[in-house]
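Visitor: Can you read through this structure? Questions will come right after.
Taken together, the values in this text are just the output of simple stated rules run on the coordinates, not laboratory data. Everything numeric here is computed off the predicted structure, so don't read it as measured data. Cβ sites come from the backbone with ideal geometry, for glycine too, and all protein chains shown count toward neighbours.
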Amino acid sequence: MKVLGIMGSPRIKGNTDLLLDEALKGAQSRGAETEKIIVDKLKISPCREYYGCLKDGKCVIRDDMDGLYQKILDADAVIVASPIFFYTVSAQLMLLISRCQALWARRYVLKNLDIPVKRGAFIAVGATKGAKLFDGPKLTIKYFFQAINAEYAEELLMRGVDKKGEIKEHPAALADACAIGQKLAAS
Ligand SMILES: Cc1cc2nc3c(=O)[nH]c(=O)nc-3n(C[C@H](O)[C@H](O)[C@H](O)COP(=O)(O)O)c2cc1C
């Protein structure tokens with residue numbers, strides 16, 4: 001069982017990063033092999049609508065997405081974690097998501113049914129407490145999960161957490177993140 005964590009915050013050891021680490025530890029505790037991708041450290045262009053992927057499901061842009069497509073395809077579960085920036089996921093994460101249009105084209109245009117099914121979880125942290133804080137990002141992640149053939153299985157959405165590392169004052173959230181990893185690894 002391979003669990004891939006996609007860390008969308010530029011803030012290392014920030015709230016998103018700490019929650020994702022707990023989730024990955026939870027998965028490890030159930031015997032899963034885990035890997036964490038820090039999107040901010042990668043060179044990823046946004047989708048440029050060249051539409052080369054409509055021919056063969058492969059993106060024509062050469063950058064750090066090259067190795068990532070296979071990691072996403074090989075994972076049995078994917079945990080996507082992001083801070084909320086302007087009511088959506090981080091720009092860094094959005095670049096990666098936009099490039100998964102190539103996998104969307106494989107599934108929905110080329111009708112390639114070989115993309116293995118996986119489970120997905122979404123972890124998000126925002127500073128404010130608005131009722132609609134996660135509406136937009138949840139739709140984005142659900143649609144991303146469709147492209148990579150992941151079921152939207154688990155979520156942890158934390159409101160009212162702002163300063164770096166402030167999530168440590170919310171031990172229940174850290175425990176919930178750990179439980180998400182355990183559940184993903186058990187299934
Ligand atoms: C550019 C930027 C935009 C933000 N936009 C929002 C927002 O729309 N809603 C919100 O509740 N918090 C917003 N925040 C606050 C972050 O979501 C919050 O500080 C979060 O805890 C950061 O998580 P991290 O430590 O994992 O990076 C924003 C922060 C930044 C830097």
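Visitor: To make sure I understand the rule: partners must be aspartates and glutamates, Cα under 15 Å from the Cα of K111, and not fewer than 8 residues away in the same chain. Which ones qualify?
Guide: Partners found: D56.
Visitor: So what is the relative contact order for the range 65-187, in percent, with contacts set as C-alpha pairs under 8 Å and at least six apart?
Guide: Over the range 65-187, the number comes to 29 percent.
Visitor: Pull up the cross-link candidates among the aspartates and glutamates for K183, meaning alpha carbon to alpha carbon under 13 Å and not fewer than 8 places away within one chain.
Guide: E22, D76, E154, E155
Visitor: Taking a 21 Å limit on the Cα-Cα distance, which of the listed pairs K41/K118; K25/K142; K118/K138; K43/K168; K13/K36 fall beyond it?
Guide: K41/K118; K25/K142; K43/K168
Visitor: Could you check the simple spin-label distance between Q28 and A127, using points 7 Å along Cα→Cβ, in nm with one decimal?
Guide: Roughly 3.1 nm, to one decimal.
Visitor: Let me ask you something else. Set the Förster radius R0 to 30 Å, insert the Cβ-Cβ distance between K164 and S187 as r into 1/(1 + (r/R0)^6), and round the FRET efficiency to 0.05.
Guide: 0.40
Visitor: Put a dot 7 Å past each Cα toward the Cβ at Y143 and A179; how far apart are the dots in nm?
Guide: 3.1
Visitor: Shifting gears a bit: How big is the gap, in Å, between the Cα center of the range 1-66 and the Cα center of the range 109-160?
Guide: The range 1-66 and the range 109-160 have Cα centres separated by 13 Å.
Visitor: Residues of the range 97-120 with amide nitrogen under 18 Å from the 7 Å Cα-to-Cβ point of L54?
Guide: 99-112
Visitor: Have a look at the DSSP beta bridges in the range 34-187 and tell me what percent are antiparallel, nearest 5.
Guide: 5
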